[in-house]
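Note sheet for the following structure.
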Amino acid sequence: MINGHDHTYERFAEMNASGEAVTPGLREFVVGTGGRNLYGFDRPLPATEIRDNSTYGVLKLTLRSNGYDWEFVPVVGSTFTDRGSANCH
């Protein structure tokens, strides 16, 4: 699942409908880092794996027949990044 309402970047572990980290589950990305002012964070949720609210950028997704790769691509001059891959269930 991909969301962009919050002006932050946050990646969650695979989780169930209650937000508990489980495998197999659905992974969620919040990517609202495209240009407006960035927001502060409340406390992390149990399934939060990584988050950043100081870097503008975009999420690059590569879809494969059996999975996907993700990479947060920051604007020039920024150092925060996030990348990984997972299989489909």
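Selection within segment 39-59: residues that are assigned to a strand (DSSP E or B) and of a type in the set (A, V, I, L, M, F, W, C). The member of this set that is nearest to residue 7 (Cα to Cα) is 58. Restricting attention to segment 1-26, the residues that are closer than 18 Å to residue 73 by Cβ and either at pLDDT 95 or above or crowded, with 17+ Cβ neighbours inside 10 Å (or both) add up to 5. Taking the stated definitions as given, is residue 76 touching a Phe, Trp or Tyr at 6+ places or on another chain (Cβ under 9 Å) and among the β-branched types (Val, Ile, Thr)? Taking the combined requirement at face value, the residue does not satisfy it. Can you find even one residue in segment 60-70 that is surrounded by 11 or more Cβ atoms within 10 Å (Cβ to Cβ), touching a residue at least 40 places away in the same chain (Cβ under 8 Å) and outside any strand (DSSP E or B)? No: segment 60-70 contains no residue that is surrounded by 11 or more Cβ atoms within 10 Å (Cβ to Cβ), touching a residue at least 40 places away in the same chain (Cβ under 8 Å) and outside any strand (DSSP E or B).
Residues in segment 18-38 that are among the small types (Gly, Ala, Ser), closer than 11 Å to residue 56 by Cβ and part of a strand (DSSP E or B): 0 in all. Looking only at residues of segment 71-89 that are surrounded by 12 or more Cβ atoms within 10 Å (Cβ to Cβ) and of a type in the set (Ser, Thr, Tyr), we find that the one that is farthest from residue 12 (Cα to Cα) is 78.
The values are calculated or read from the model by the stated rules, or taken from the named source; none is laboratory data. In this text, all values refer to a predicted model and were calculated from it rather than measured experimentally. Cβ: placed from backbone, ideal geometry, glycine included. Neighbour counts: every protein chain shown.
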